[in-house]
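Enquirer: Structure below; questions to follow.
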Amino acid sequence: MKPADTTDAQYPVSDTVSTAMTVAGSDSGGGAGIQADLKAFSALGVYGASTITALTAQNTCSVAGIHEVPAQFVRQQLDTVLSDIRIDAIKIGMLANVQIIETISDVLAEHASIPVVLDPVMVAKSGDTLLHAEAIDALRYHLFPRATLITPNIPEAALLLGEPEASSLSEMQDQAQKLASLGSDSVLLKGGHLHSADSTDILLYEGELHRFTQPRIQTRNTHGTGCTLSSAITALIARGMGVPDAVEAAERYVHEAIAQADSLDIGSGHGPVHHFHAMWSQP
């Protein structure tokens, strides 16, 4: 039976429901992590499954604690979902440690036909560290070659490359090329940390560079932006879009989610973006 079309008209729901899985940490405040991913999947008409890699005690101001899920239980979650539910695309976020990274790599090797969007989450919006330093090498070695697309921001790209942060679009382009050489099919380097009137993300796909520029929105309510963008791209790939088109549509979705973020008025710190801006009626 065809589901009700409650999404924006540019994301019509098909006769067959598409599916995606997020493999990431849980944000108890609901703004980032698997909560943001599942909200984005739903907003874009995709059924979402999840594998939790870590639990965080987190709100809009800080991360008070992190409990890492044992790698063998991460494996059990993945195997259980994949043995029963067709998964059209996988988004990977917070991974915490080397053992979890190696476990996920082993599972992806067994399901190599599923597109993978890897968001190398290392630091929370509050500044709290979410990935052990020794896990950075494991991330590059084990998961980059298995990723259809990686989506680092400027600080994450610098950490991954062992270089200073890019301070211009030309430096972003150079670092995107270097990241692609680590094995991923394509790279979306997010430019939100540049000090400019506009925010430009750079996509390197099949050797070609694409720029996606949006006016910068003056709000502090941007918690979960990176998670939301990568999960939106995943949802749209799950629905059959190619990478450049999925990135372009996801960029529009996230821009509007940020533009409507202040209407939520959640928390006293960096509040979440509005995942359901196209569905909830405005006050």
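Enquirer: Sort out for me the strands (runs of 3 or more DSSP E) sitting completely within region 171-231 that have 1 or more residues that are open to solvent by 10 Å² or more (accessible area, probe 1.4 Å) and more than 25 Å from ALA89 (Cβ to Cβ). First the steps, then the outcome.
Expert: Numbers: elements: 186-189, 198-205, 208-215.
Fully inside region 171-231 and qualifying: 198-205, 208-215.
Enquirer: Whether any residue in region 234-242 is out of contact with any Cys (no Cβ under 7 Å at 6 or more places or on another chain), of a type in the set (S, T, N, Q) and open to solvent by less than 10 Å² (accessible area, probe 1.4 Å) is what I want to check.
Expert: yes
Enquirer: Separate question: Identify, please: which residue in region 67-103 is within 20 Å of the chain's Cα centre (by Cα) and charged (D, E, K, R) and is, among those, surrounded by the most Cβ atoms within 10 Å (Cβ to Cβ)?
Expert: The extreme case among them is LYS91.
Enquirer: Which of (1) within 27 Å of GLY269 (Cα to Cα); (2) modelled with pLDDT of 95 or more; (3) open to solvent by less than 30 Å² (accessible area, probe 1.4 Å) is the odd one out, the single condition VAL63 does not satisfy?
Expert: Unmet condition: (2).
Enquirer: Right, something else. For region 261-283, name all the residues that are out of contact with any Cys (no Cβ under 9 Å at 6 or more places or on another chain) and open to solvent by 50 Å² or more (accessible area, probe 1.4 Å).
Expert: Within region 261-283, ASP262, SER263, ASP265, ILE266, ALA278, MET279, TRP280, SER281, GLN282, PRO283 meet the criteria.
Enquirer: Identify, please: which residue in region 159-170 is under 22 Å from GLN214 (Cβ atoms) and in contact (Cβ under 8 Å) with a residue 12 or more places away in the chain and is, among those, most open to solvent (accessible area, probe 1.4 Å)?
Expert: Looking at residues that are under 22 Å from GLN214 (Cβ atoms) and in contact (Cβ under 8 Å) with a residue 12 or more places away in the chain, I get GLU165.
Enquirer: Is it true that some residue in region 241-250 is farther than 17 Å from TYR205 by Cβ, of a type outside the set (Phe, Trp, Tyr) and touching a residue at least 24 places away in the same chain (Cβ under 8 Å)?
Expert: no
Enquirer: On to the next question. Collect the residues in region 20-45 that are farther than 20 Å from ILE100 by Cβ, touching a Lys or Arg at 6+ places or on another chain (Cβ under 8 Å) and open to solvent by less than 10 Å² (accessible area, probe 1.4 Å), keeping them in residue-number order.
Expert: The answer is LEU44, and nothing else.
The values are calculated or read from the model by the stated rules, or taken from the named source; none is laboratory data. Keep in mind that this is a model prediction, so the values were computed, not measured. Here Cβ is always computed from backbone atoms with ideal geometry, including for glycine, and neighbour counts include all displayed protein chains. When the accessible area is computed, the model is the full protein with side chains, heavy atoms only, and any ligands, DNA or RNA have been set aside. Shrake-Rupley method; radii C 1.70, N 1.55, O 1.52, S 1.80 Å.
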